[in-house]
Amino acid sequence: MYNQASEKILVCVGPSPFSAHVIRAGKKIADALQAEWFAVYVETQQFSSTDEKLYEQLDNNLRLAESLGAEITILYGKQIAHELLSFVERKNITQIVIGKPRHAKFSEIWKGSLVDNIVRGSNGISVHLLPGESTPYKTKISNPFRKQHRLLPYLFTVLLVVFTTLLNMLTGFDHVNIALLFLLPVLISAAYWGRGPSILASVLSVLSFDIFFIPPVLSITVEDLKYLLSFAIFLLVAVMTGTMANRLRAQASVSKRREARTAALYALSRKIVVETDIEGILNTVINVIAETIDAETTILLPDNLGILKPMAYSSCNPKEFGINDEIASWAFEHGKSAGCGTNTGEKENCLYIPLKTEEKNIGVLVLKSYHPPLRLSTEQNRLLEAFANLTAIAVFSLQLSAEAQQARNLIQSEKLRTALFNSISHELRTPLASIMGAVTSLLEEGDLYTPSERNTLLQTINEGALRMNRLVKNLIDMARLESGMMKLKSEWCDIQEIIEVTLRKLNSVLRDRKIEISLPENMPLINVDFVLIEQVITNLIDNAHKYSSPESKIDIIVKTTPDNITFLIKNLGNPISEENRKRIFDKFYRLDSNRHITGTGLGLSICKGIIEAHGGEIWAEGKNNKVIFAFSLPFNQSPPNISLESEGE
Amino acid sequence: MQDKGARVLIIDDESQIRRMLKVALTAHKYHINEAPTGQDGLNQAALFHPDLIILDLGLPDMNGLDVLRELREWTTVPIIVLSVRESENDKVAALDLGADDYVTKPFGMGELLARIRVAIRHAVKSDTEPVINCGSLTIDMAHRQVTVDKNEIRLTPTEYDLLKHLIIHAGKVLTHRQLLKAIWGVDYQQKDHYLRVYIRQIRRKIEKDPTRPEFIITEPGVGYRFTSKT
């Protein structure tokens, strides 16, 4: 671990071989100070690595820095010094290491060198300057094909100038037009082949103009010295146009690369957005990476115990992937890439890229190439890192929203628990109060009461006990329904029998209440849980009785169709509003108008649970002062046939 | 009545229930002995020579059903099982194992006393009389004749057998299995629907209001019981 109150060192990296020395020097300083260090490359428009060779060199430099333990950062901007300094400020860098080239650039004369600018803006931060060596910027190239390849543009440039000269001779333009035409090869060579050929084109054009068109023709000398000025201006214009065209070309190539990266990221993010679960996101990421990089991919996420488990993978079986768990968890814990191509576990076959967010590390992305060893360009590395970041953010936000949902559920269940608590404590205490009151009266001064008064007190106790029994039964039913312990014990049942049992059970409650039952003839048997359906009908009839005036009658109507059986219980009463018709089946939901009637708000929700467990439906209707509670049950199978015998012997 | 002075063994771990039962049953002139555990109950059953055992299925030391099974290995003493509402399966299992009746906790004392009376009477009853009168219903077993309010009812042979079986065990709950086995034989023990259909037909013939039957009472999830009000 790095020293906390620590030094932070920034090493400026460029595409020159000399940069490697700067990087090593930076590493030494970082080691000596036990400091965290950053290798930073600023990609600018004028200094973009358009040259293949330079690009490779830069790649190597960055790789070297990474392998030495630096954190690699690539910045984009117009001014290197400005970008570097703002990075320094962001990261609280305490020391800067930078190489100073031996040769000064022409532009530095008026712009000031990069080093000067940094020193000027460093505000008390120590800047280490490393004098550059006279290593040539471009090392010798041994590849003969490439040499030829590099000479070709010059050849073309020469040909172009020759062609323009011939064209000018044939057309016989005046000098101004000739000069204009000579700008053409300069522009073309600048746009296609870069600065060198464009300068060559400029020089050749001036010479050709001088020799073939300015009198004395076919001589390098000029009659009129004014032409020398013209040449100078022409040369200046040519070099400047060439440089600008060249710069444009470089910009185009840089933006092309950037565009490709942006497009890939955009494609990924667009695909991720559609996904609603983590698995979907991971699979999408894996597919996109597979399209971009020729490698097998696995994503590891920590499970509940914090152990990294493969959650998604491309074609290859994760067991054959050869994931090194130690390196994977190192990458996960430290939030740094590990495995092949890095300085941690360099000899591994796989590359481990952490999925990082600001808050925490989400998991690890593991890559293994089809043809080892896996070697990725900086560009690919950057793209992968961007993919990893995007994935991390997507997964993290999904995890967060899952957590939020969990929290919401918790609040919901907390509310329910409070409702349950209030309801139960009230419902239990009320009958308990009447029981205890009556019992203590009888215990303490039983002699005071007449036999009929004593009987009244005993009735009170009995009613209180029955009420508590009902509540306990409801609570147990609810608990069984909710815990999934309610198992249907289906058997062939006769609805008529269920009604019989219900009415007998409710006898003490209903007493002389008028109940009209209308059943179809020859009702088929139905395969349900007798006791549970009886419970539903009991609750519904009990409700009908409780919530209507005692003189009014209750109708029980059963209708059958070939598909189902419908059970309706009608009573006179205040119609239930549309809104309440659904909610009335919710746990603990009670109509405000019924507060004065005792109840737990559990009965109907138990009914709903039981009916739904049977694949049926339950609902409330109400019109013209009638309240109807109804449920239907499907005839899932036809009742078995019984061959009946005839009467008599 | 002949059950006065009968000896009742109460096997229940709840002292409150035992105390309450003891007071109530002693007041009805029963002799009471208590056992708080299954093992104790088994010992007392041998020593105390009870005329009836009240057995709670939820015991601390052993399963009530095992106690029942062990008792039934050597004694035919009537056993009434106490169970909680949620366990229809236990009730059926207890009845199939040879319990004579069950009472669901919480219960009213009147209900328990009625069951005790029926169970003891069954145990001492020798042969069934040839003619049984139950209010408006009369069954003459010598002539296989059933009348309701003096009008003869025509029953199929199976209906008659089923009704007869219920009447012989009047007051006692018979499980679906027991009835199926008795009427249709061992092969029919899983065919509940036979029973449902035949019970419905019998009710239609003997009951005034089949939705509020007087004679054949449904014991939900367990079986049927014939009640005689006489």
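At-a-glance table
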{"quantity": "Candidate residues A:I557, B:I167: accessible-area rank, largest first, probe 1.4 Å", "calculated": "A:I557, B:I167"}
{"quantity": "Nearest 10 degrees, 0 to 90: helix B:38-48 Cα axis against chain B principal axis", "calculated": "80"}
{"quantity": "Residue-normalised accessible area of chain A, given per residue in Å² at a 1.4 Å probe", "calculated": "55"}
{"quantity": "Interface residues, the stretch B:182-229 - accessible area loss of 50 Å² or more versus chain alone, probe 1.4 Å", "calculated": "B:H193, B:R196, B:R200, B:T211, B:R212, B:T218, B:P220"}
{"quantity": "The stretch B:11-36-the stretch B:151-225 distance, computed between alpha-carbon centres (Å)", "calculated": "34"}
{"quantity": "Aspartates and glutamates with Cα under 13 Å of B:K191, excluding same-chain neighbours fewer than 8 positions away", "calculated": "A:E491"}
{"quantity": "Residues A:E89 and A:S552, FRET efficiency given R0 of 60 Å [Cβ-Cβ distance, rounded to 0.05]", "calculated": "0.10"}
{"quantity": "Calculated FRET efficiency for the pair A:L155/A:D224, C-beta based, R₀ 35 Å, to 0.05", "calculated": "0.55"}
{"quantity": "Between helix A:451-483 and chain A: long-axis angle, C-alpha atoms, 0 to 90°, nearest 10", "calculated": "30"}
{"quantity": "Solvent-accessible area per residue for the stretch B:19-134 (1.4 angstrom probe, square angstrom)", "calculated": "46"}
{"quantity": "Inter-probe distance in nm under a simple model that places probes 7 Å from Cα toward Cβ, at A:I211 and A:A433", "calculated": "12.0"}
{"quantity": "Cross-link pairs A:K473/B:K208; A:K415/A:K553; A:K553/A:K582 - those with Cα-Cα distance over 28 Å", "calculated": "A:K473/B:K208; A:K415/A:K553"}
{"quantity": "Potential lengthening between A:V472 and A:S67 on full extension [0.36 nm per residue; Cα-Cα distance subtracted]", "calculated": "138.8 nm"}
{"quantity": "Accessible area buried, both sides summed, chains A and B with 1.4 Å probe, Å²", "calculated": "3100"}
{"quantity": "Value at 222 nm in deg cm²/dmol, rounded to 500, when DSSP H runs of n ≥ 4 in the protein assembly as shown each add -39,500 (n - 2.57)", "calculated": "-16500 deg cm²/dmol"}
{"quantity": "Apportionment of accessible area to carbon and sulfur, the protein assembly as shown, percent (1.4 Å)", "calculated": "55"}
{"quantity": "Distance violations [Cα-Cα > 28 Å] among A:K8/A:K336; A:K271/A:K336; A:K570/B:K164", "calculated": "A:K570/B:K164"}
{"quantity": "Most to least accessible of A:F213, A:F163, A:F87 (protein chains only, probe 1.4 Å)", "calculated": "A:F163, A:F213, A:F87"}
{"quantity": "Nearest 10 degrees, 0 to 90: helix A:325-334 Cα axis against chain A principal axis", "calculated": "80"}
{"quantity": "Per-residue SASA entry for B:W74, accessible area with 1.4 Å probe, Å² rounded to 10", "calculated": "140"}
{"quantity": "Accessible-area value, A:E333, 1.4 Å probe, nucleic acids and ligands omitted, Å²", "calculated": "130"}
{"quantity": "For residues of A:497-504, the mean tally of beta carbons on other chains within 10 Å", "calculated": "6"}
{"quantity": "Three-way shape call for the stretch A:474-608 based on the alpha-carbon gyration tensor, with the a/c threshold at 1.5", "calculated": "oblate"}
{"quantity": "Area of B:E34 that stays accessible when all protein chains are in place (1.4 Å probe, Å², to 10)", "calculated": "50"}
{"quantity": "Residue order for B:H143, A:H614, A:H21 - accessible surface, 1.4 angstrom probe, largest first", "calculated": "B:H143, A:H21, A:H614"}
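The values are calculated or read from the model by the stated rules, or taken from the named source; none is laboratory data. This one's a predicted model, so the numbers in the text were calculated from it and none came from an experiment. Here Cβ is always computed from backbone atoms with ideal geometry, including for glycine, and neighbour counts include all displayed protein chains. Protein only, heavy atoms only, side chains kept; ligands, DNA and RNA dropped before computing areas. Shrake-Rupley method; radii C 1.70, N 1.55, O 1.52, S 1.80 Å.
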